[in-house]
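**Q** Have a look at this one before I ask anything.
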Amino acid sequence: MSFEKNMKKKYLQMLAALILVTTGNMAAARDQLASWNDGASKSAIISFVERVTNEDSPDFVPVPERIATFDNDGTLWTEHPMYTQLAFALDRVKVLAPQHPEWKTTQPFQAVLENDIQSLAAAGEKGLLELVMATHSGMSTAEFEAIVIDWFKTARDPRFKRPYTALTFKPMVELMAYLRENGFKTYIVSGGGIEFMRPMTEQVYGIPPEQVVGSSIKTKFEVRNGKPELVRLPEINFIDDKADKPVGINAFIGRRPIAAFGNSDGDRQMLEWTAAGGGARLMMLVFHDDADREYAYGPANGQPDTKFGSFSQSTMDEATKSGWVVISMKNDWKQVFASE
């Protein structure tokens with residue numbers, strides 16, 4: 001066989017092997033993302049991961065720089081009819097009410113005890129903070145963690161009648177596992193309380209507590225009964241939402257993500273900051289448009305408005321203009337909840 005024919009044969013063999021490997025990788029990825037329908041969203045994920053993990057690709061990213069951040073409420077689990085932590089705070093008000101007779105005539109506590117949702121909503125963010133400060137402080141961090149763990153064991157979502165930890169979105173749990181399989185470090189970056197989330201994130205999402213960034217109240221070191229404790233104070237330390245999400249990422253992670261996932265206006269700046277970095281980037285937003293299997297709200301694209309997890313038309317327009325991927329829960333997901 002001539003030298004030219006031999007080289008051509010070897011080239012074709014190498015090309016065939018490369019095609020087999022690529023096809024095999026794509027098939028494996030599709031198996032790992034089994035709860036995703038084939039379409040633009042799933043393809044965008046697979047294409048991005050292949051580009052940043054292929055050493056021969058101009059978009060290759062070294063393993064230490066493969067950082068992906070995820071909002072929690074509405075992105076990884078359901079956030080309606082209210083945020084899970086708010087449901088926890090309301091339950092805590094009822095548990096603690098016998099120790100606070102003044103709450104019967106003091107808003108927003110009175111609204112909670114009377115199940116007056118309209119008055120509770122009218123209390124706004126200030127009222128919600130009052131509830132959190134009253135129910136989440138005055139104890140050690142260990143005591144608070146034990147209370148949260150016990151609550152998760154018994155609390156049930158009012159619509160689906162299942163534990164809140166059973167209402168995680170299976171496609172997103174698959175996505176996080178798929179990223180980790182490909183050398184990514186996955187972080188939760190949420191407006192929710194950091195010490196409310198940490199007791200359950202490792203079991204539910206595979207994300208250890210040190211990879212959770214969230215809102216926090218101040219703590220102080222005390223020695224109680226001869227034992228060192230961290231005591232939770234009724235003072236806000238940090239609100240990890242909107243423009244402060246990139247601040248929290250920089251402070252607690254120290255690297256700009258190359259992939260960011262959210263579902264609301266509160267995640268917009270996290271995606272903007274992620275997109276502003278160099279090289280390949282993936283920005284995705286979960287859009288709740290499936291009232292039958294979960295909920296439908298926006299108000300983007302004419303969906304109902306909401307006070308929890310608002311996805312405005314301006315955020316939708318920015319996503320379209322900037323090339324962010326909007327995940328349609330209705331069209332992109334074969335299955336919604338991991339517990340189904």
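The values are calculated or read from the model by the stated rules, or taken from the named source; none is laboratory data. Just so it is clear, the model here is predicted, and its values are computed rather than measured. Counting neighbours? That spans all protein chains shown, and the Cβs are built from the backbone with ideal geometry, glycine included. Protein only, heavy atoms only, side chains kept; ligands, DNA and RNA dropped before computing areas. Shrake-Rupley method; radii C 1.70, N 1.55, O 1.52, S 1.80 Å.
**Q** Which members of the stretch 290-317 meet the condition of being touching a Lys or Arg at 6+ places or on another chain (Cβ under 7 Å) and surrounded by fewer than 20 Cβ atoms within 10 Å (Cβ to Cβ)?
**A** Of everything in the stretch 290-317, just one residue is touching a Lys or Arg at 6+ places or on another chain (Cβ under 7 Å) and surrounded by fewer than 20 Cβ atoms within 10 Å (Cβ to Cβ), namely Asp290.
**Q** Also: Could you tell me which numbered condition Ile194 fails, if it satisfies all but one of (1) among the aliphatic types (A, V, I, L, M); (2) open to solvent by 10 Å² or more (accessible area, probe 1.4 Å); (3) closer than 21 Å to Ser339 by Cβ; (4) within 14 Å of the chain's Cα centre (by Cα)?
**A** (3)
**Q** Report, ordered by the first and then the second residue, all pairs with beta carbons closer than 8 Å, sequence separation of six or more or different chains, a first member in the stretch 105-123 that is without any contact (Cβ under 8 Å) to a residue 60 or more places away in the chain and open to solvent by less than 90 Å² (accessible area, probe 1.4 Å), and a second member that is part of a helix (DSSP H, G or I) and among the basic types (Lys, Arg).
**A** Sorted first by the residue in the stretch 105-123, then by its partner, the pairs are Gln110/Lys104; Val112/Lys94; Leu113/Lys94; Leu113/Lys104.
**Q** Same structure again: For the stretch 299-317, which residues satisfy the criterion of being under 20 Å from the mean Cα position of the chain (by Cα) and either charged (D, E, K, R) or within 23 Å of Lys170 (Cα to Cα) (or both)?
**A** Lys307, Phe308, Gly309, Ser310, Phe311
**Q** Follow-up. Report, by residue number, each residue of the stretch 268-279 that is surrounded by 18 or more Cβ atoms within 10 Å (Cβ to Cβ) and either of a type in the set (Phe, Trp, Tyr) or assigned to a loop (DSSP other than H, G, I, E, B) (or both).
**A** Trp273
**Q** Within the stretch 25-32, can one find any residue that is modelled with pLDDT of 90 or more and either surrounded by 15 or more Cβ atoms within 10 Å (Cβ to Cβ) or within 16 Å of Met176 (Cβ to Cβ) (or both)?
**A** Yes, the stretch 25-32 has at least one match.
**Q** While we're here: Among the residues of the stretch 241-257, are any part of a strand (DSSP E or B) and at pLDDT 95 or above?
**A** Looking for residues that are part of a strand (DSSP E or B) and at pLDDT 95 or above, one finds none in the stretch 241-257, hence no.
**Q** Return the residues of the stretch 149-169 that are open to solvent by 60 Å² or more (accessible area, probe 1.4 Å), in contact with a Pro (Cβ under 9 Å, 6 or more places away or on another chain) and either part of a helix (DSSP H, G or I) or more than 17 Å from Pro81 (Cβ to Cβ) (or both); say none if nothing qualifies.
**A** Passing the criteria: Ile149, Lys153, Thr154.
**Q** Go through the stretch 218-258 and give me each residue that's within 19 Å of Asp73 (Cα to Cα), in contact (Cβ under 8 Å) with a residue 60 or more places away in the chain and surrounded by fewer than 21 Cβ atoms within 10 Å (Cβ to Cβ).
**A** none
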